[in-house]
1. In the set ASN263, ASN253, which member is assigned by TED's automatic domain parsing to the domain that holds ARG177 and over 35 Å from the mean Cα position of the chain (by Cα)?
2. Starting from residues that are within 10 Å of the ligand (Cβ to nearest atom) and in a helix (DSSP H, G or I), keep the ones in segment 16-56 and report whichever is surrounded by the most Cβ atoms within 10 Å (Cβ to Cβ).
3. Quick one: in segment 137-164, of everything that is within 16 Å of the ligand (Cβ to nearest atom) and in a strand (DSSP E or B), which residue is farthest from the chain's Cα centre (by Cα)?
4. Please pick out the residue among LYS456, LYS452, LYS470 that is exposed (fewer than 14 other Cβ atoms within 10 Å of the Cβ) and either touching a residue at least 40 places away in the same chain (Cβ under 8 Å) or of a type in the set (Ser, Thr, Tyr) (or both).
5. Assess whether ILE95 counts as being surrounded by fewer than 21 Cβ atoms within 10 Å (Cβ to Cβ), of a type in the set (Val, Ile, Thr) and within 16 Å of the ligand (Cβ to nearest atom).
6. Restricting segment 48-67 to residues that are under 13 Å from GLY27 (Cβ atoms) and not aliphatic (A, V, I, L, M), which is nearest to the chain's Cα centre (by Cα)?
7. Mind counting the residues in segment 31-47 that are of a type outside the set (Asp, Glu) and more than 22 Å from ARG81 (Cα to Cα)?
8. Which ones in segment 425-475 are closer than 28 Å to VAL392 by Cβ, at pLDDT below 85 and basic (Lys, Arg)?
Amino acid sequence: MSEFKHKLVVGLEIHVHLCTKSKIFCGCELEYGATANTRVCPVCLGMPGSLPVMNKRAYEFAVMVGLALNCEIARFTKWDRKNYYYPDLPKNYQISQYDMPLAEHGYIEIPLEGGKSKKIRITRAHLEEDAGKNVHSTGNYSQVDLNRAGTPLLEIVTEPDLNSPAEVKALAVELQRIVRYLGVSEADMQKGHMRFEPNVNLVIDIGGKEVKTPIVEIKNLNSFRAVERSVEYEIHRQLDEFGETGKTMGMGNKSTRGWDDVNHVTVLQREKEEAHDYRYFPDPDLSPVELSDEWLGDIKSRLCELPLQMQMRFVNEYGLSEYDAGVLTGDRTTAEFFDNAVKAGGDSKRLCNLITQAGLKMANEKGCSLAELGFSAEDTAELAKMVEAGDVNTTAANTILEKMTELGEGPRSIAEKFNLIQKNDAGELEGIVDEILAANPDVVEQIRSGDKKSGKARSFLMGQVMQKTKGQANPKIVSEILAKKLG
Ligand SMILES: [Zn+2]
């Protein structure tokens, strides 16, 4: 690898499928995995004479994302035809927004290591329709599936403000969290709901003078790992290429490359970016969109607290670690459940432990969300208070949470029903300790003589007390009694 001093510069283009019930300009149902060409009609097939009608919900979803990305929202937009010919586009044009995107000039805040964050500027976001899909699965020919044609697709373009592969990945992950919080996309990468195209180049310092390497656009990445790795790979490849050819950014040498996920290399697709002439013109079949104050206000009222804000609030107000706050804000229902439980009076760290160690584990096993396990945030707060008060120990608390799922009862009645209330009565526990000591004179002797195995002997006695009390003795009190009696 060449040893030039360099800085990475990346801008991202992201496509997000919006999860409306039907397509953007017709009533066809959006269903992933349906039999090929069964979710189509004259509109999305591009039959002459068919008329598109805008899906209002899709537009609202797109505006919600624009607002969450701190963009200026256009009050007037129109639809344009982007003309090109391809088998998966039978109309020979794609309906898009060309010079009047619905959102512009925003930013997204992305979390970085050590609790820091960085603002990445958003250039624009616009709505368009997705094309169909060419399938190359059988024989010596290709097939076209048009079920996907007409899926509402939000294109988001960032400024080149990203300066490391980790930052590029962080943006991808954060955007996924945002659209899921807003409920506007399932953002399932494996189903192609999100696709990323980084524009990558380097600023190289040659003896105090800065030059830029030609921009490479990496096409169609559909996993976070591919996003991070492909950018990492491009750094090395562009440094090597610059070392060999000295080629710098200029007219006409932008290229596109694909990511080979098996060999972990980018592969050249097109050397020169053709000056595409898409002959954009306003779609004569669709009326422009005017966003009234009332409509915009209605859309704004559907926004929620965003994941990163919530994560930072959990750290600053509830004293959680970055890591725990990140786990709890991984999805909106878990974050809100935890937040409600804290507001119901539970200690935040106890609740965090209960939820991350027992709750999320159960949810994962059952394949549902935390909120769907059947117990309330209030009952979980009550359980945390019981642990705090020493009524139950942490092991019992996890068991109680499981029983709450099965039985649908509150924590206190379950603790009583299953004898999980902790014994805190020092007098009662002292009597039990005395019995155990009397039954094990040799062990007591071993500890008093200062044998090097006395630590193990103490644990044995503790185990005996726990066994005798069926695990209900408060271990802290027992250990104090043992210390008093054995020195
Ligand atoms: Zn249709």
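1. ASN253
2. Residue satisfying both the conditions and the ranking: CYS44.
3. Of everything passing the filter in segment 137-164, VAL144 is farthest from the chain's Cα centre (by Cα).
4. The unique qualifying residue is LYS470.
5. Yes.
6. ARG57
7. Of the residues in that region, 8 qualify.
8. Answer for segment 425-475, where residues must be closer than 28 Å to VAL392 by Cβ, at pLDDT below 85 and basic (Lys, Arg): just LYS470.
The values are calculated or read from the model by the stated rules, or taken from the named source; none is laboratory data. Note that the structure is a prediction, hence the values are computed from the model and not measured. We place every Cβ from the backbone using ideal geometry, glycine too, and count neighbours over all the protein chains shown.
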